[in-house]
Amino acid sequence: MVQNFVRNKFTVAVQASRALEPLVCPYCHRSTFKQKSDLKRHIRRHTGEKPYQCPICSYSAGRSDYVQDHLMRRHGQLPRAKRRATNPNWTLS
Ligand SMILES: [Zn+2]
Ligand SMILES: [Zn+2]
């Protein structure tokens with residue numbers, strides 16, 4: 001019981017300090033992320049996670065941009081106004 005208590009206290013302390021840490025990728029230790037969402041998106045490159053799914057077929061991707069592009073090219077559906085030229089992170093991979 002005492003051990004459980006100590007562990008919970010430690011977990012809380014870690015979570016509190018985490019908020020002050022810079023945004024560093026735990027996989028490649030890059031730290032060029034302005035927002036937590038940027039870091040999360042980057043980490044998916046390492047984990048291969050593909051949470052975005054085409055509503056029409058079984059295509060899935062790690063970024064919502066890719067699914068929107070897929071929708072447009074494969075199904076001829078225009079996604080909600082998204083201008084590619086304004087996205088500096090755009091890559092054709
Ligand atoms: Zn990384
Ligand atoms: Zn599809």
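What residue, among those in segment 36-77 that are surrounded by 15 or more Cβ atoms within 10 Å (Cβ to Cβ) and acidic (Asp, Glu), is farthest from Leu23 (Cα to Cα)? Step through it out loud before you land on a result.
Start the filter on segment 36-77 by keeping residues that are surrounded by 15 or more Cβ atoms within 10 Å (Cβ to Cβ), which leaves 39, 41-44, 52, 54, 59, 61-63, 65-71.
From what is left, the residues that are acidic (Asp, Glu) are 65, 69.
Working: Asp65: 23, Asp69: 28 Å.
Here the answer is Asp69.
Within segment 14-37, track down each residue that is among the hydrophobic types (A, V, I, L, M, F, W, C) and modelled with pLDDT under 90.
Step one: of segment 14-37, the residues among the hydrophobic types (A, V, I, L, M, F, W, C) are 14, 16, 19-20, 23-25, 28, 33.
Val14, Ala16, Ala19, Leu20 - these are the residues of segment 14-37 that are among the hydrophobic types (A, V, I, L, M, F, W, C) and modelled with pLDDT under 90.
What about Lys9, is it modelled with pLDDT under 90 and touching a strand residue (DSSP E or B) at 6+ places or on another chain (Cβ under 8 Å)?
Values: modelled with pLDDT under 90: yes; touching a strand residue (DSSP E or B) at 6+ places or on another chain (Cβ under 8 Å): no.
So Lys9 fails the test.
Out of (1) more than 20 Å from Val24 (Cα to Cα); (2) surrounded by 13 or more Cβ atoms within 10 Å (Cβ to Cβ); (3) modelled with pLDDT of 85 or more, the odd one out for Lys82 is which?
Checking Lys82 against (1) more than 20 Å from Val24 (Cα to Cα); (2) surrounded by 13 or more Cβ atoms within 10 Å (Cβ to Cβ); (3) modelled with pLDDT of 85 or more, the one that fails is (3).
Within segment 32-71, restricting attention to residues that are within 14 Å of the chain's Cα centre (by Cα) and acidic (Asp, Glu), which residue is farthest from ligand 1 (Cβ to nearest atom)?
Asp65
Answer with yes or no whether Cys28 is out of contact with any Pro (no Cβ under 8 Å at 6 or more places or on another chain) and within 10 Å of ligand 1 (Cβ to nearest atom).
yes
The values are calculated or read from the model by the stated rules, or taken from the named source; none is laboratory data. Keep in mind that this is a model prediction, so the values were computed, not measured. Because the Cβ atoms are built from the backbone with ideal geometry, glycine has one as well, and the counts that use them run over all protein chains shown.
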